[in-house]
Amino acid sequence: MDTNSQSYTNDSTIEVSWAMKAYDQAELHYNLITSVDPTYLQLSKEDDLIYRQFRKSFPDLDIAHLHEDDLKTAKSKEEWRMFCNKFDGVIQDFNYGTLLRLDPLMEYGESNTLFATRIQFLAIEIARNKEGFSTRLYQSTRKNKSDNSSNGSTIHGIIDATKQISVSS
């Protein structure tokens, strides 16, 4: 056994920094899709390629009602691994962690969010944009904003979720 491996520990400042970056990206994404018609959004330079490969690999995945098992079971992890690895060298930071909403009509929040890779996020959110799910959210929030004359939505529950990240030894 490598004795140096025993000296490695999780650095809580790195984990908190990652969680805050993921939170900031989630907030930016939500503000974007609720401020601009997502039909016209391009999330990467390779949206069309990602979408084609996604629907080829996951033709029946219900992006309107994602469940954790759609990404986290042993079988789904292997399917996703094969999909994700197609984008190594194509999408920068394709395997970095990010936050993903389970229900596209709801905000990011503790019960509506899971951790995913960047390419999983891109594939699912690009599909939601192209298949109209994000447009429904955009229209709903626009209507609510005009009804309430509020400052718009904020993300709820993510800070609580990021506070729960613990360092395991």
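Worth pointing out:
- Those residues of the range 30-54 which are under 23 Å from Met106 (Cα atoms), part of a helix (DSSP H, G or I) and in contact (Cβ under 8 Å) with a residue 40 or more places away in the chain, in sequence order: Tyr30, Asn31, Ile33, Pro38, Thr39, Asp47, Tyr51, Phe54
- Any hit, the range 82-90, residues being β-branched (Val, Ile, Thr), surrounded by fewer than 16 Cβ atoms within 10 Å (Cβ to Cβ) and not in a helix (DSSP H, G or I): yes
- Any hit, the range 123-131, residues being among the acidic types (Asp, Glu), farther than 18 Å from Leu43 by Cα and either open to solvent by less than 60 Å² (accessible area, probe 1.4 Å) or not in a loop (DSSP other than H, G, I, E, B) (or both): no
- Scope the range 101-115; condition modelled with pLDDT of 90 or more, closer than 16 Å to Asp24 by Cβ and surrounded by fewer than 22 Cβ atoms within 10 Å (Cβ to Cβ); matching residues: Phe115
Rundown of residues vs (1) touching a helix residue (DSSP H, G or I) at 6+ places or on another chain (Cβ under 9 Å); (2) at pLDDT 90 or above, yes/no style:
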| residue | (1), (2) |
| --- | --- |
| Asp2 | no, no |
| Tyr8 | no, no |
| Ser12 | no, no |
| Gln25 | yes, no |
| Asn31 | no, no |
| Gln53 | yes, yes |
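- Being surrounded by fewer than 11 Cβ atoms within 10 Å (Cβ to Cβ), within 14 Å of Ile124 (Cα to Cα) and in contact with a helix residue (DSSP H, G or I) (Cβ under 9 Å, 6 or more places away or on another chain) is a condition met by no residue of the range 63-70.
The values are calculated or read from the model by the stated rules, or taken from the named source; none is laboratory data. Keep in mind that what you see is a predicted model, and the values were worked out from it rather than measured. Cβ sites come from the backbone with ideal geometry, for glycine too, and all protein chains shown count toward neighbours. These area figures cover heavy atoms from the full protein model, side chains too; ligands, DNA and RNA do not enter into them. Shrake-Rupley method; radii C 1.70, N 1.55, O 1.52, S 1.80 Å.
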